[in-house]
Amino acid sequence: MKFLRKYRRSIFFGWLSAMVIFVFLTSGKSRPAPQGTGYKLKTVVIDAGHGGTDPGCIGSKINEKAVALGIATRLGKYITDNFPGVKVIYTRDTDVFITLADRAKIANDAKADLFISIHANANPKKEPYGTETYVMGVGTDMDRNADIAKTRENSVIFMEQDYKKNYDGLDPNNPETEILIQLGQKEKQDQSLYLAAKVQNQFETRMKLLNRGVKQRVLYVMYRTVMPSILVETGFLTNTEDEKYLSSDKGQAYVAASVFRAFRMYKMQVEGFGAAEIKAAEEEDFKKHTAEIGEMPETGSVVNKSPAETLEVIKEVVKVPPVNKEEKKNVADSSGLIFRVQFTSLSKKIELTSPKFKGLTDIKVFENGEQFKYTTGKSKTLEEAAKVQQSAVEKGFKSAYVVAYYNGEAISMKRAKELLAQKK
C-alpha cells in the first residue's frame, strides 16, 4: 500500500501518456472525409437512451426508455424512407439494456459517419421544461453546471457490473477522470455543433418549443465515439406539458421529424450543398411532415407561455450566416476561385502568430456565430488544397478540411466543382 501511495502519481501520468497515444492512433480511423473530396454520408447510428432494467427518468404517464425508443425508431424510418443509400443502425430497437461502452462500440465498429443519441430530461422541480442538445465538451467551453459523476446520463454506468473495466478504469467520482476524458475529444467538433444547432433550431422554430440551447459536457456515451456525435434531450418528463407531447404518438413523430430535418441539412452541408439548396429542402420537408402528421398540438411548453424564472434560452452555438464583413475582408485580396483549408475553430479569438498554429502560414480568421474559424493556404486547384490540408493534418490538425471562395465570397464545394469544370 505504501508503494502504491508513493508512486500513485507516476502511475497515473504514465497511464495518461498511454491514453494520449491510444487516442492519437484511433481517433482518425472512421472519421468522415473532408468536404470537397466526394464524401457521402453512408452510415448513421441512432441510440435510444436507457432500456431494459434502466428506465431512465420517469414521468407520470411514461418513462424515458419508452420515449427514446419511440423517437429513435421513427427517426430511423424517416432516414431510410428518404435516403435508401444511408445505412441506419440502432444501438437498440427493443426494450433491452445496453451499456454506454457498447453503444459507442456499435458506432465505431460500424465505422459510422454520425451518432445521434435520443433522451428525455428530468428535474426535481416540475417547472423546468424545453429542449437542449449536447455535444462532447471541450475545455473551458463546457457546461460546468453539473458534476461529471452526478450527470444523469453518466450515472447509468453504475448499473454495469464491470463499469471500471468497460471505461478503462475511469471512476466518475475521481476528479482526475475529467482530465482523461478530455484526451478522448473527437476531431469533428464543428460538425457536431452544426448538427446540434440545427436540431435546436427545428425545435424552436418549427415545434415552438423552448430552446435551452446547445451545450457541451463530458458524456460517456460520446467520449469514445470517433465520429460527430450529439445527445438530444427532447423535453422534461417531469414537466406536465412536455410529457404530454412526449407521451403521444403525434408528439414523438414531430420530434423525430424535427431531428430528421436537421439530419438532412447536416448531410447536405457536409456533402457540399449550398445554403439556398439546404433551406429549400428543409421547407419542402416541413410541409410534407405537417401534411403527414397533422398540425402540432398547442402546448403550454411553447416559448411565449414561459415563466420568466424557467427561461434559459441560449442561442445557437454555431450559425451559418451569409459571409460576414470580416470574412470578406480576409479573402477579398483574391479574385476568382480559390481554396483554403479550415484547420480549427475556437470559442476565443487568438493572435494569428500564436505558436498554437504550429507554423502554418497565410492564416485568416473569421467569426461565425460564437466561433472563430481559422483557415490556411490559398490554392487555385483542389490538388494544391489537398496538399495544404495534408500539411495541416501532419501538424496535428486532424479535422482540417477544404473550403472554397469565389471573388471573395464563401461558396459550396458543389459550386466550386462546377466552376472548375467550366474552366476545362
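The values are calculated or read from the model by the stated rules, or taken from the named source; none is laboratory data. Quick caveat, the model's predicted, so the values are computed rather than measured. Heads up, the Cβs are rebuilt from the backbone with ideal geometry, glycines too, and the neighbour counts pull from every protein chain shown.
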Which of the residues belonging to the stretch 90-105 are modelled with pLDDT of 95 or more, crowded, with 16+ Cβ neighbours inside 10 Å and of a type outside the set (Lys, Arg)? 90, 91
Can you tell me which residues in the stretch 344-386 are basic (Lys, Arg), modelled with pLDDT of 80 or more and under 28 Å from the mean Cα position of the chain (by Cα)? 349, 356, 358, 364, 373
Checking residue 353 against (1) free of Cβ contacts under 8 Å to residues at least 24 places away in the same chain; (2) under 30 Å from residue 213 (Cα atoms); (3) hydroxyl-bearing (Ser, Thr, Tyr), which test does it fail? (2)
Among (1) in contact with a Pro (Cβ under 8 Å, 6 or more places away or on another chain); (2) under 19 Å from residue 259 (Cβ atoms), the one test that residue 86 misses: (1)
Looking at this structure, is residue 255 assigned to a strand (DSSP E or B), at pLDDT 85 or above and crowded, with 22+ Cβ neighbours inside 10 Å? no
Restricting to the stretch 225-238, give me the number of residues that are surrounded by 24 or more Cβ atoms within 10 Å (Cβ to Cβ) and not in a strand (DSSP E or B). 4
Do we have residue 391 as within 23 Å of the chain's Cα centre (by Cα), outside the structural domain of residue 273 (by TED's automatic domain parsing) and small (Gly, Ala, Ser) here? no
Residues that are crowded, with 24+ Cβ neighbours inside 10 Å and assigned to a helix (DSSP H, G or I), drawn from the stretch 194-224: 194, 195, 196, 197, 198, 199, 200, 202, 203, 220, 221, 222
Matching residues, the stretch 241-263, being within 13 Å of residue 295 (Cβ to Cβ) and touching a strand residue (DSSP E or B) at 6+ places or on another chain (Cβ under 8 Å): 245
Specify which of the listed residues (294, 272, 300) is farther than 30 Å from residue 241 by Cα, assigned by TED's automatic domain parsing to the domain that holds residue 241 and at pLDDT below 90. 272
Out of everything in the stretch 392-414 that is assigned to a loop (DSSP other than H, G, I, E, B) and crowded, with 17+ Cβ neighbours inside 10 Å, what residue ends up being modelled with the lowest pLDDT? 399
Considering (1) within 14 Å of residue 341 (Cα to Cα); (2) surrounded by fewer than 21 Cβ atoms within 10 Å (Cβ to Cβ); (3) in contact (Cβ under 8 Å) with a residue 24 or more places away in the chain, say which one residue 387 fails and leave the rest. (3)
